[in-house]
Amino acid sequence: MNTNMSLPDAAHLRETTAPYLNGLVHVTPITSREGQVLGNNGDTLMHSVFLSLLESWGVKLTSDPTRADAIVVPPNGALLEKYSYPGILAERLLGHENLPVVIFPSSALFTSQDPSFMFAGRSAPSVWILREQHSLDALVRDWGEQLRSAGVVLVSDHDVVASGHEHVPGILGSPVDERHVLIAARVDAEAPGAGGARRDQAPSLVRRAFHALPYGRLSTAAARRARAAKLRAAADRLVARLPDELRLEVGNASARRFVRVDASANQFCTFEEYASLIRGAEVVVTDRLHVGLPAAVLGKRVIIVEAGYHKLGGVYRRSLAHLPNVSFVPGPSEEGRG
């Protein structure tokens, strides 16, 4: 699939992780302390590709960490100091100091908090794989000595949706006739100008009442209607950031229907809706990595806009920059690097 586009493969990832995946492997859940699954539709896709890779490699899994020979942390977007998952992961590694730990390709952002606390007291090696160079460089520059002292080895690789791209059509479905232009502007805690709400922060009474509704197309449709003005405003701001030639290209798309929704956010789209929107797009404009990345894998015309945090630009440069169907619009701090 897409070999003509020269997408990366998972050979290096397999080589890096193989020494630790020979026995029983426990996959640490990306959940809050209360068991709430953290993440969105894009995280679901990433996790599905990750599990497909493990299956294709013949890795044997156990749900019981006390029976495991190694612990694997799935690829995720929660290893930022603004979120609570680093602390949760540290708690879940307690008592398993003698088991190797492998963190699959993720981004990281620790500007003031030393991330080595997650690996305190460990006697077995820890391999932390980063999916783009900025995260790796920042960890080496700011916390390299502390991480080395904690027995952590830092490695770079690709986002698993890129390196495991052959699994994406089986999860999302194959591309279909181009029906719309998708403008997927994020409106969550990582959106430009957003605050630092934690992924496992207790929701408000209004949000708790909303999430008590049965999850499905009716609830997501209701959420889109209720937040239509916010979604449209975020989409308009995203398009306004495009250079003139890209804005003109979007306006001249043959598909005249424009869909403006934060498709990766599961309060606005079910996973099936997310997949359908990507499959049926002619052009995708987004500051959501896991809208732009699978759309690129499916051969869509994709314009990725930096959201103000380095992961989109980093993944673009490492894994997608050579693809003719993908353009990147840098943020203010990335001007000249795109």
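For the chain, the spread of Cα positions along the three principal axes, ordered from largest to smallest, is 58, 49, 37 Å. Pairwise inverse Cα distances across region 3-163, averaged and inverted, put the Kirkwood hydrodynamic radius at 16.0 Å.
Our summary gives the chain a relative contact order of 19 percent, counting only alpha carbon pairs under 8 angstrom and 6 or more residues apart.
When the chain is treated as a Gaussian network with alpha carbon springs shorter than 10 Å, the biggest mean-square fluctuation among Ala295, Ala120, Ala240 belongs to Ala240. Relative to the current alpha-carbon distance between Ala221 and Glu145, full extension at 0.36 nm per residue lengthens the span by 22.4 nm. P(r) tail for region 5-58: Cα pairs beyond 12 Å make up 75% of the total.
Within a straight-line Cα-Cα reach of under 17 Å, Lys311 can be paired with the following lysines, leaving aside sequence neighbours fewer than 8 residues apart in one chain: Lys82. In the chain, the DSSP-assigned H stretches of four residues or longer account for a calculated mean residue ellipticity at 222 nm of -10000 deg cm²/dmol, using -39500 (n - 2.57) per stretch and the full residue count as denominator. Take every DSSP beta bridge whose two residues both sit in the chain; close to 5 percent of them are antiparallel.
Every read-out reported here was derived from the displayed coordinates using simple, explicitly stated rules and does not represent laboratory data. Quantities reported herein were computed from a predicted structural model and do not represent experimental measurements.
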